[in-house]
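Trainee: Take this structure first; my questions come after.
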Amino acid sequence: MTNITAPKIPDGEKVDFDDITRKRQEKDLAELQSLIEAHFIQRKKEEEELIALVNRIEKRRAERAEQQRIRAEKERERQARLAEEKERKELEEHRKKQDEDAKKKKALTNMTQQYSAGQKSEGRRGGKKQTEREKKKKILAERRKPLSVDHLNEDKLKEKASELWQWLMGLEAEKFDLSERLKRQKYDINQLRARIQDHQSAKGRGKGKMSGRLR
């Protein structure tokens, strides 16, 4: 253990303990004030750093919100353009469909009118028995092709109309050939009948002459 020696006091001098205590207190107070000032300086620095950090966070949050707003605005504009483009395409497709339907109806109307005109022309020729008309209707019903044009576009519809027209022309040509053949057959029959009648008349006249001679 280290020996502690008391401080030497000069001989003949009086020690002032109050002064020593006062000086000690003044020193302690100065150190305490220094610590307090350092503490407040550090606290102020930390508060300033905290405020700067909060400001940076708020700035970053505001920037992020602005970016999100801009992205949302661009997305709304994009969706609006897509909706407008979709509506435009739908309207265009609807218009095209209406045009195609109108052309189909017009083509069907024309074909119906042509068919009706043919039927009327056929009816004016008349002079045939009801049974023959029924046979003709039956044959036409059997030979009539089913018409399915709802799924065809304009070009296919034109091709179909041309095909039907060619088919109709073929029927007309066949009808004309049959009509001419019928006329020829009627002519041959009439000629044959006339020959038979002439032959019978000549034979009758021959018998009359023979009877006169016998008398």
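The values are calculated or read from the model by the stated rules, or taken from the named source; none is laboratory data. On a predicted model such as this, the values are computed, not experimentally measured, just so you know. Note that each Cβ is placed from the backbone with ideal geometry, even for glycine, and that neighbours are counted across all protein chains shown. SASA here: full protein model, heavy atoms, side chains in, ligands and nucleic acids out. Shrake-Rupley method; radii C 1.70, N 1.55, O 1.52, S 1.80 Å.
Trainee: With a 1.4 Å probe and every protein chain left in place, tell me how much accessible area Thr21 has, in Å² to the nearest 10.
Mentor: 70 Å²
Trainee: So which of Lys183/Lys203; Lys89/Lys160; Lys104/Lys138; Lys138/Lys160; Lys86/Lys158 end up more than 26 Å apart by C-alpha?
Mentor: Lys183/Lys203; Lys89/Lys160; Lys104/Lys138; Lys86/Lys158
Trainee: Let me ask another. Sorted by accessible area with a 1.4 angstrom probe, largest first, how do Glu37, Glu163, Glu73 fall?
Mentor: In descending accessible area the options line up as Glu37, Glu163, Glu73.
Trainee: Can you run phi through the Karplus equation (6.51, -1.76, 1.60; θ = phi - 60°) for segment 41-52 and list ³J(HN,Hα) in whole Hz, with x for Gly and Pro?
Mentor: 5, 5, 5, 4, 5, 5, 5, 5, 5, 5, 4, 4
Trainee: If you don't mind, there's one more thing I want to ask. Using a 1.4 angstrom probe on the protein heavy atoms only, line up Lys89, Lys104, Lys138 by accessible area, largest first.
Mentor: Solvent-accessible surface, decreasing: Lys138, Lys89, Lys104.
Trainee: Still on this structure: Can you run phi through the Karplus equation (6.51, -1.76, 1.60; θ = phi - 60°) for segment 58-67 and list ³J(HN,Hα) in whole Hz, with x for Gly and Pro?
Mentor: Values, residue by residue: 5, 5, 5, 5, 5, 5, 5, 5, 5, 5 Hz.
Trainee: Still on this structure, please answer the following. Taking the full set of protein chains and a 1.4 angstrom probe, give the accessible area of Ile196 in square angstrom, rounded to the nearest 10.
Mentor: Its accessible surface works out to 80 Å², give or take rounding.
Trainee: Solvent-accessible area of Ser201, probe 1.4 Å, all protein chains present, reported in Å² to the nearest ten, please.
Mentor: 60 Å²
Trainee: A further question on this structure: For the charge dipole of segment 56-101, defined by +1 on Lys and Arg C-beta atoms and -1 on Asp and Glu C-beta atoms about the Cα centroid, which residue among Ile57, Gln98, Gln67 has the Cα displaced farthest towards the positive pole?
Mentor: Ile57
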